[in-house]
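The values are calculated or read from the model by the stated rules, or taken from the named source; none is laboratory data. None of these values were measured; they are calculated from a predicted model. Backbone-built Cβ (ideal geometry, glycine too); neighbour counts: all protein chains shown. Each accessible area value is taken on the protein alone, full model and side chains, heavy atoms only, with ligands, DNA and RNA left out. Shrake-Rupley method; radii C 1.70, N 1.55, O 1.52, S 1.80 Å.
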Amino acid sequence: IRSKRETTRAEREARKPGSTLPMRSPDVTKAPVMKSEQLLKLDDHDFTMRPGFGGPAIPVGVDVQLESLATISEVDMDFTMTLYLRHYWKDERLSFPSNTNQSMTFDGRLVKKIWVPDIFFVHSKRSFIHDTTTENVMLRVHPDGKVLYSLRVTVTAMCNMDLSPFPLDTQTCSLEIESYAYTDDDLMLYWKRGNKSLQTDEKISLSQFLIREFHTTTKLAFYSSTGWYNRLYINFTLRRHIFFFLLQTYFPATLMVMLSWVSFWIDRNCITTVLTMSTIITGVNASMPRVSYIKAVDIYLWVSFVFVFLSVIEYAAVNYLSTLQERKERMQSNRLPCTCGMTHPGQMMMSNSYSDMDMMTTGNYGMSELNGDKQEQFLVHLVLDNEQGAQRPAVSSSSSLSIDTHAIDKYSRVIFPGAYTLFNIIYWSIYSQ
């Protein structure tokens, strides 16, 4: 009784004008007020029906705050994002008297007792509402019946990608929001603040993509059996980072092509470069979906493979032609007569096998100018001309058909690098736009 008297006395002193004692704010939870269900008159209305049933469509505004954009999968052709999805509408059945015009905030337990828009994500594969530590749902009701319904959702949705210019591609993905049961005659879904209805965090980034822009759109979707529905779109454009693929694919492929050109200068086997190009092509395709069209990286790798393959073919052709020429020269050297026993080459010049005209022709060269090996080579050619005169047309015809293998390498050193450089110029000018 004494403590109550002291408390009452302190409250009276606090109410006096000019008093320095702080006044305690009343705890409304301990006051004998009505329950929230009674205040909102939940038992007096049928909340299985939408607000204003039978009248015009109820407008439901939506805005989204994007928390994270987790993964973009080319193999599954989908993306995963976490967002705060907020709905705004007015339900006069939830209006309540208030002297302060303050709203009341509730958690997910009251959501199950009132009407809320039946929003779902079109083309979604998986989605869930976060429930740590409690269900991440908030309901805010104003005295005039305006309602804010917010929830934190993670959704994985489809993204149809065109990988033909991969990895120099730009992809546009969309998250589509729609009412499942209510057509546009019952529910009008719209972005509450237009294009500003989508808020993003500047720290959102992806390892393989550069996020270029986010924007919102609204369209009507038609289903033959149920009718027209309002559909909201969250569109975002992604530009793939090329530096990773330059290091892992383009630079190794270019180096392998350039390594195959070494065979134009030195004799070596280029089969290792062919195997390396095959490994690069297999590694790139292993991480990509099995699409039925040609990607940009496929064009680059296969053209590089063709250049390496042609270098091997050139090397094999030059090797084969060089072997034929060496064999022919070896056969001709085996036919040459031995002149090692000739002490006086001049005697050979006076042989009866030569006519006077030959003597007149050969005598003008002067034997004093032909010393040592030169005289011997000269005499060998004379003997071959005399003994194999019948075979002279065949020899001349075969020599005219001989191919200079060094000229093939010389032209290849210019044609292969020039053609590959031209291909790179055309390729990058087309796909880097």
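For the reader, a short list of remarks on this structure follows.
- Three-way shape call for segment 55-148 based on the alpha-carbon gyration tensor, with the a/c threshold at 1.5: prolate
- Cα-centre dipole for segment 58-240 with unit charges at Cβ (Lys and Arg positive, Asp and Glu negative), debye to 20: 420 debye
- Scalar couplings 3J(HN,Hα) for segment 105-122, obtained by applying the Karplus form with A = 6.51, B = -1.76, C = 1.60 to θ = phi - 60°, are 10, 10, 9, x, 5, 7, 4, 6, 9, 10, 7, 9, x, 8, 7, 9, 9, 5 Hz; x denotes Gly and Pro.
- Accessible-area ranking of 408, 280, 415, largest first, probe 1.4 Å: 415, 408, 280
- Between residue 321 and residue 188, the distance separating the two model label sites (each 7 Å from Cα on the Cα→Cβ line) works out to 8.1 nm.
- For the pair residue 415 and residue 95 in one chain, pulling the backbone fully straight at 0.36 nm per residue adds 106.9 nm over the alpha carbon distance.
- Stretchable slack from residue 46 to residue 211, in nm (0.36 nm times residue separation minus alpha-carbon distance): 54.8 nm
- Taking one quarter of the surface of the C-alpha convex hull of segment 158-246 gives a mean projected area of 7.6 nm².
- Compactness of segment 136-207 - radius of gyration and Dmax, Cα, Å: 17.5, 56
- If you plug the beta carbon distance of residue 140 and residue 225 into 1/(1 + (r/R0)^6) with R0 = 51 Å, you get a FRET efficiency near 0.90.
- In Å², nearest 10: area of residue 84 left accessible to a 1.4 Å probe: 70 Å²
- Under a 5 Å amide H cut-off, with hydrogens placed 1.01 Å from N, residue 68 pairs with 82 among residues at least 5 apart or on other chains.
- Given a 1.4 Å probe and the protein chains as shown, residue 45 ends up with an accessible area of around 70 Å².
- For residue 154, the shell of other residues with beta-carbons less than 10 Å away shows a net charge of +1, using +1 for Lys and Arg and -1 for Asp and Glu.
- For the listed peptides 160-167, 47-54, a ranking on the average number of other beta carbons within 10 Å per residue, highest first, reads 160-167, 47-54.
- √(5λ) per eigenvalue of the Cα gyration tensor, segment 123-271, largest first, Å: 49, 19, 14
- Modelled this way, with points 7 Å down the Cα-to-C-beta line, the labels at residue 160 and residue 111 are 3.1 nm from one another.
- Stretchable slack from residue 247 to residue 329, in nm (0.36 nm times residue separation minus alpha-carbon distance): 24.6 nm
- Our summary gives segment 58-240 a relative contact order of 26 percent, counting only alpha carbon pairs under 8 angstrom and 6 or more residues apart.
- Leading residue at positive end of dipole, segment 84-238 (Cβ point charges), from 171, 150, 103: 103
- With a simple spin-label model that places each label point 7 Å from the Cα along the Cα-to-Cβ direction, the separation between residue 102 and residue 404 comes to 10.1 nm.
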